[in-house]
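S.K.: Once you've had a glance at the structure underneath, I'll fire off some questions.
Please treat every number below as a calculation from the coordinates, not as lab data. Note that the structure is a prediction, hence the values are computed from the model and not measured. No Cβ is skipped: glycine too gets one built from the backbone with ideal geometry, and neighbour counts run over all protein chains shown.
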Amino acid sequence: MDYVWDFGSVWEYRAALWTGLINTVRIFAICFVTGLSLGLMMGLARYSVRRWLRWPAACFIEFFRNTPVLVQIFWFYFAFPILAPFEISALMAAALGITLNSAAFSAEIFRGGIQSIDPGQWEAGRAIGMRHREIMARIILPQAVRRMLPALTNRGIEIFKMTTLASAIAYADVLHQARLIASVNYNPIEAYTVVAIAFFVILYPIVRATYVLERRMAKGD
Amino acid sequence: MSENPILTIRDLHKSFGDNHVLRGIDLDVKQGDCIAILGASGSGKSTFLRCLNFMETPSDGEITHAGKTIGTVRAGKPRHYPEAELTKVRQKVGMVFQQFNLFPHMTVLGNVIEGLRIVQGMDKASAQTRAHDELARVGLAEKANEYPSRLSGGQKQRVAIARALALAPDLMLFDEPTSALDPELVGEVLNVIRGIADEGRTMLLVTHEVGFAYHVANRVIFMADGVIQEEGPPEQVLKNPQNPRTQAFLARHKQFEF
Amino acid sequence: MYEWDFTSVIENSDLLWQGLLGTLAITGTALAFGLPLGLILALSRLSPRRWLAWPAGFVIEFFRTTPPLVQLFWFFFALPILIDIQMTPYLAAAITFSIQSSAFFAEVFRAGIVSIEKGQWEAARAIGMQRPQAMRRIILPQAVKRMIPAFTERAIELMKTTTLVATVSYADLLYQANELAQKTYRPIEVFTATALIYFVVIFGLSLCVQAVERRLAVSGDSTVR
């Protein structure tokens, strides 16, 4: 163990790493926002009274939950461009895979949250003459979202970690940049250690926050 | 009758954070004593009992069991209770819980032999013989191979009593053993406890059953605010209480019959 | 309109089959090491000794909060420089996924252990058991039963995560698919077939999990996540 650590060589390329981090945040933001929105729609469709909505939603959710996200990304990167009438960039392919995957997982969170609300709330809504959609929007969802907050935060953390898969199709995220730096400088130890620590430093405070949130909810509810 | 007490308690204190639950308790428990501990909820009676087999670690004071003071004194620090020493004491001080706490993944027999086999290292055949004897004593020999989930609350509590008795303790602690039971199941458990008391076993019993205490105990303790308010034979404490707190408590439990 | 043609996939199905075996092999290895390691981590984290609890907590949190692909690259590219070993894709993947899954398994173990009622600990102590005895004889047997659904769910997650080994040229199903796609110029069919294979295997497994969960629910045991 007489390896001499030298973080100077990584520091020299900090601009490249920074660019990578920006790209990581960019793809995360896209996937988080679109994934959760689509997830909410899928969750609602899965819970809908109409069968023609419920069934396709269930198929979508099960398919994307039960296949590896990297396979989905590869499919969108290598296979989809042949079918699609337009160019698919690495960012688009990765974002598509991660978004659809996250939508499937968050749909289950939304569904679980909605179902966790006491049926008495539905009845109370109906009793004052509200329609299904109104009850959902005004009574159920506001209560459910509060309960789902820890699970959705965890999903966000998973998505952030998942963005590194984009590097497998050469999207210039922070891991891809580290890989470049490592191959130029022959310093994989420092390069990858820095990335690992960066993820830990960014995500761990959020993880702690979810612990606090969960504990507070366990007490409050 | 010059024998030493089985248990002596001196100036026992227990605090949970800022909450000073036990505020100095002294008591001698002699061979054959059956001591009923009464008191309103929050009086510290359960905490007191739980300190006696160190389910709770006393904050201050001394507990001497069979002539040996438990724990070691360290200069300027609270008394230290090594786990190895406590496990020895606990084998001699049986405890029965309000919520039974049977091991659900073991049969009735498994529950009773667990301590004999694992803690005392007894061979399987002897442990089973002993366990069957104890189950017969509580009237559940035929339930030996059932799982606890198949038993009524009263039966569960009787198994719990057999489990504690199997280790041949020289002192039994009962922590509100009938409080979690449906009213119609209380009798069978009290009968078993009375049988054990009649054998001359030493026991401490935290209970709300004032009538039972009157008939079975030879000494009654009334606790409030973490101290013993009144202590004496049942005729005295229950029929002719001197302490106004005891009088008030008994007035609220007037429905018991002697 | 694109014309689908699966003949080249079917002709080369043995390649994909080998890939699936590779996926199962690395999943099995990671499970075999990850489960015991997870138990050790969980017990350490729950230990009253701080010098044990704290490092275990750190390992668990670190491997749960950093991306598995970063971990894989670290073990594959960086570790062989630090210690003098011949690193292979299989070894790097085995180390990464054993530790990574153990961190998640540790949390499953921990949730199961703390879900056991306090009275069970007290009853065990009351008959003179020491902490390790109570853990082994009373707490763990009950906890493990409650943890089964969470375990299987984690194992399925693990299998999906093993696709990352394709990026360091370990011949798992995804890697073989990539090879085949380049060889046959039929990426659509190859990757679609591959996705379906994963779906069949993983969905089949999760149906089993749901059946187990239902049976446990019927027998009245609560489960932990």
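S.K.: Mind checking which residues of the stretch C:55-87 are touching a residue at least 40 places away in the same chain (Cβ under 8 Å) and more than 7 Å from chain A (Cβ to nearest Cβ)?
M.R.: Scanning the stretch C:55-87 gives C:56, C:59, C:60, C:63, C:64, C:68, C:72, C:76.
S.K.: Ok, one more. I'm trying to understand the selection: among the residues of the stretch A:170-183, which are part of a helix (DSSP H, G or I) and either at positive phi or in contact (Cβ under 8 Å) with a residue 12 or more places away in the chain (or both)? Spell out the reasoning first.
M.R.: Quick first cut of the stretch A:170-183, residues part of a helix (DSSP H, G or I) only: A:174-183.
Answer for the stretch A:170-183, where residues must be part of a helix (DSSP H, G or I) and either at positive phi or in contact (Cβ under 8 Å) with a residue 12 or more places away in the chain (or both): A:174, A:175, A:176, A:177, A:178, A:179, A:180, A:181.
S.K.: Counting only residues that are of a type in the set (Val, Ile, Thr) and free of Cβ contacts under 8 Å to residues at least 40 places away in the same chain, how many does the stretch A:118-169 have?
M.R.: First, the residues of the stretch A:118-169 that are of a type in the set (Val, Ile, Thr): A:128, A:135, A:139-140, A:145, A:153, A:157, A:159, A:163-164, A:169.
Those still in the list that are free of Cβ contacts under 8 Å to residues at least 40 places away in the same chain too: A:128, A:135, A:139-140, A:145.
Qualifying residue count for the region: 5.
S.K.: Here's another thing I want to ask about it. Could you count how many residues in the stretch C:101-138 are within 11 Å of another protein chain (Cβ to nearest Cβ) and in a helix (DSSP H, G or I)?
M.R.: As a first pass, look at the stretch C:101-138 and keep what is within 11 Å of another protein chain (Cβ to nearest Cβ): C:116-134, C:136-138.
If we keep only those that are in a helix (DSSP H, G or I) as well, we get C:118-126, C:131-134, C:136-138.
The total comes to 16.
S.K.: Sticking with this structure for a sec: Looking only at helices (runs of 4 or more DSSP H) that fall completely inside the stretch A:54-115, which ones have 1 or more residues that are in contact (Cβ under 8 Å) with a residue 40 or more places away in the chain and under 19 Å from residue C:156 (Cβ atoms)? Walk me through how you get there before you give the answer.
M.R.: Numbers: elements: A:69-74, A:80-83, A:90-115.
Fully inside the stretch A:54-115 and qualifying: A:69-74, A:90-115.
S.K.: Just wondering, is there one or more residues in the stretch B:56-75 that are within 14 Å of chain C (Cβ to nearest Cβ), part of a strand (DSSP E or B) and surrounded by 14 or more Cβ atoms within 10 Å (Cβ to Cβ)?
M.R.: Scanning the stretch B:56-75, I find at least one residue that is within 14 Å of chain C (Cβ to nearest Cβ), part of a strand (DSSP E or B) and surrounded by 14 or more Cβ atoms within 10 Å (Cβ to Cβ), so the answer is yes.
S.K.: Search the stretch B:68-92 for residues that are more than 19 Å from residue B:4 (Cβ to Cβ) and in contact (Cβ under 8 Å) with a residue 24 or more places away in the chain and pair each with any residue that is outside any helix (DSSP H, G or I) and among the hydroxyl-bearing types (Ser, Thr, Tyr) when their beta-carbon atoms are under 7 Å apart and the residues are at least 6 apart or on different chains.
M.R.: As it stands, the answer is B:81/B:57, since those pairs meet every condition given.
S.K.: Among the candidates B:116, B:86, B:173, single out the residue that is assigned to a helix (DSSP H, G or I), closer than 30 Å to residue B:60 by Cα and within 12 Å of another protein chain (Cβ to nearest Cβ). Before you say what the answer is, go through the steps one by one.
M.R.: On the way: B:116 fails: closer than 30 Å to residue B:60 by Cα; B:173 fails: assigned to a helix (DSSP H, G or I).
So the residue among B:116, B:86, B:173 that is assigned to a helix (DSSP H, G or I), closer than 30 Å to residue B:60 by Cα and within 12 Å of another protein chain (Cβ to nearest Cβ) is B:86.
S.K.: Kindly evaluate residue B:50 against the criterion of being of a type outside the set (Phe, Trp, Tyr) and within 16 Å of the chain's Cα centre (by Cα). It would help to see each step written out before you state the result.
M.R.: Working: of a type outside the set (Phe, Trp, Tyr): yes; within 16 Å of the chain's Cα centre (by Cα): yes.
Against the criterion (of a type outside the set (Phe, Trp, Tyr) and within 16 Å of the chain's Cα centre (by Cα)), residue B:50 qualifies.
S.K.: In the stretch B:176-200, which residues are part of a loop (DSSP other than H, G, I, E, B) and small (Gly, Ala, Ser)? Give the steps one after another, and end with the answer.
M.R.: Here is the first cut: in the stretch B:176-200, the residues part of a loop (DSSP other than H, G, I, E, B) are B:176-182, B:199-200.
Once the filter is applied, which keeps residues that are part of a loop (DSSP other than H, G, I, E, B) and small (Gly, Ala, Ser), the stretch B:176-200 yields B:179, B:180, B:200.
S.K.: Kindly check whether there is at least one residue in the stretch C:189-200 that is surrounded by fewer than 18 Cβ atoms within 10 Å (Cβ to Cβ) and under 17 Å from the mean Cα position of the chain (by Cα).
M.R.: Checked against the condition, which is being surrounded by fewer than 18 Cβ atoms within 10 Å (Cβ to Cβ) and under 17 Å from the mean Cα position of the chain (by Cα), the stretch C:189-200 yields no hits at all.
S.K.: Which of the numbered conditions does residue A:188 fail, given that it passes all the others? Conditions: (1) away from every other protein chain (no Cβ under 11 Å); (2) without any contact (Cβ under 8 Å) to a residue 24 or more places away in the chain; (3) buried (at least 20 other Cβ atoms within 10 Å of the Cβ).
M.R.: Unmet for residue A:188, out of (1) away from every other protein chain (no Cβ under 11 Å); (2) without any contact (Cβ under 8 Å) to a residue 24 or more places away in the chain; (3) buried (at least 20 other Cβ atoms within 10 Å of the Cβ): (1).
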